[in-house]
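Novice: Let me begin by handing over the structure; questions about it come next.
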């Protein structure tokens, strides 16, 4: 009974946390380049003397779903879809290098190329700055060419190159800001991933989120039913305890 109470109580709490993860995935089902989170449950014993029968449930999100989303063709010059296991390098809010698949790029009033609110980095590790009001084209290898307003088309020239890296779930970890970073090493620090010349992008296209709204809704319903089951287990444990107390009082 003791184990039943602790398992059910901790399970209900962890299911609520999982619901937050699933809800976040559902909210980003239409976010460009978004990768869903994988969630797992495991039973662990309570540490401490005198509690050998008590067990709790822990919920973790160890990895992200790295499967590709669908490619949507937009025809917009600054839209890029990264192919394979490639990632775009951007500068995070902490000033460190981070990675994203969100290829809906745009320039701000100063010409800085951005993915959302994050500056996009070039092969030199610095934010890319494009000429204002220029016509831009992005090649498959990430080379950015610009043509100034009113200039001869023959003057189209390369001005920067996107830093593209090859990353996978084994060497990348998701941050709270939605960006991915290189997994820390044994010393607790992480170094930027090197540029990979083999990574390619598709210009005029975007990668959609890999979250399935239908599957996510089914997961939310399943979590709700599991939460209800945990509550019934707590009620059953309480009823069993009351019945045991009544039997003991008769002696």
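Novice: Kindly evaluate residue 235 against the criterion of being over 22 Å from residue 79 (Cβ atoms), free of Cβ contacts under 8 Å to residues at least 12 places away in the same chain, exposed (fewer than 15 other Cβ atoms within 10 Å of the Cβ) and out of contact with any helix residue (DSSP H, G or I) (no Cβ under 9 Å at 6 or more places or on another chain).
Specialist: In short, yes.
Novice: A further question follows. Look at residue 197 and say whether it is more than 20 Å from the chain's Cα centre (by Cα) and farther than 21 Å from residue 123 by Cα.
Specialist: no
Novice: Sticking with this structure for a sec: Every residue in segment 18-43 that is modelled with pLDDT of 70 or more, more than 16 Å from residue 229 (Cα to Cα) and not in a loop (DSSP other than H, G, I, E, B), please.
Specialist: Listed by number, the residues that qualify are 20, 21, 22, 23, 24, 25, 26, 27, 37, 40.
Residues are listed down the side, and each one gets a yes or a no for (1) assigned by TED's automatic domain parsing to the domain that holds residue 202; (2) exposed (fewer than 13 other Cβ atoms within 10 Å of the Cβ); (3) at positive phi:
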{"residue": "75", "(1), (2), (3)": "yes, yes, yes"}
{"residue": "87", "(1), (2), (3)": "yes, no, no"}
{"residue": "95", "(1), (2), (3)": "yes, yes, yes"}
{"residue": "101", "(1), (2), (3)": "yes, no, no"}
{"residue": "116", "(1), (2), (3)": "yes, no, yes"}
{"residue": "129", "(1), (2), (3)": "yes, no, no"}
{"residue": "138", "(1), (2), (3)": "yes, no, no"}
{"residue": "154", "(1), (2), (3)": "yes, yes, no"}
{"residue": "165", "(1), (2), (3)": "yes, no, no"}
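Novice: Kindly establish whether residue 61 is at pLDDT 90 or above, surrounded by fewer than 18 Cβ atoms within 10 Å (Cβ to Cβ), closer than 30 Å to residue 105 by Cα and within 12 Å of the chain's Cα centre (by Cα).
Specialist: Criteria not met by residue 61.
Novice: Give just the number: which of (1) within 22 Å of residue 33 (Cα to Cα); (2) surrounded by 15 or more Cβ atoms within 10 Å (Cβ to Cβ) does residue 145 not satisfy?
Specialist: The single condition residue 145 does not satisfy is (1).
Novice: If you take the residues in segment 208-219 that are surrounded by 15 or more Cβ atoms within 10 Å (Cβ to Cβ) and assigned to a helix (DSSP H, G or I), which one is farthest from the chain's Cα centre (by Cα)?
Specialist: Here the answer is 219.
Novice: From the list 94, 141, pick out the single residue that is without any contact (Cβ under 8 Å) to a residue 24 or more places away in the chain, closer than 28 Å to residue 211 by Cα and not in a strand (DSSP E or B).
Specialist: Within the list 94, 141, the selection yields 94.
To keep it simple, each residue is scored yes or no on (1) without any contact (Cβ under 8 Å) to a residue 24 or more places away in the chain; (2) closer than 30 Å to residue 64 by Cβ; (3) in contact with a helix residue (DSSP H, G or I) (Cβ under 9 Å, 6 or more places away or on another chain).
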| position | (1), (2), (3) |
| --- | --- |
| 145 | yes, no, no |
| 151 | yes, no, no |
| 155 | yes, no, no |
| 180 | no, yes, no |
| 185 | yes, yes, no |
| 198 | no, yes, no |
| 206 | no, yes, no |
| 225 | yes, yes, no |
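The values are calculated or read from the model by the stated rules, or taken from the named source; none is laboratory data. This one's a predicted model, so the numbers in the text were calculated from it and none came from an experiment. FYI the Cβ positions are ideal-geometry reconstructions off the backbone, even for glycines, and counts take in every protein chain you see.
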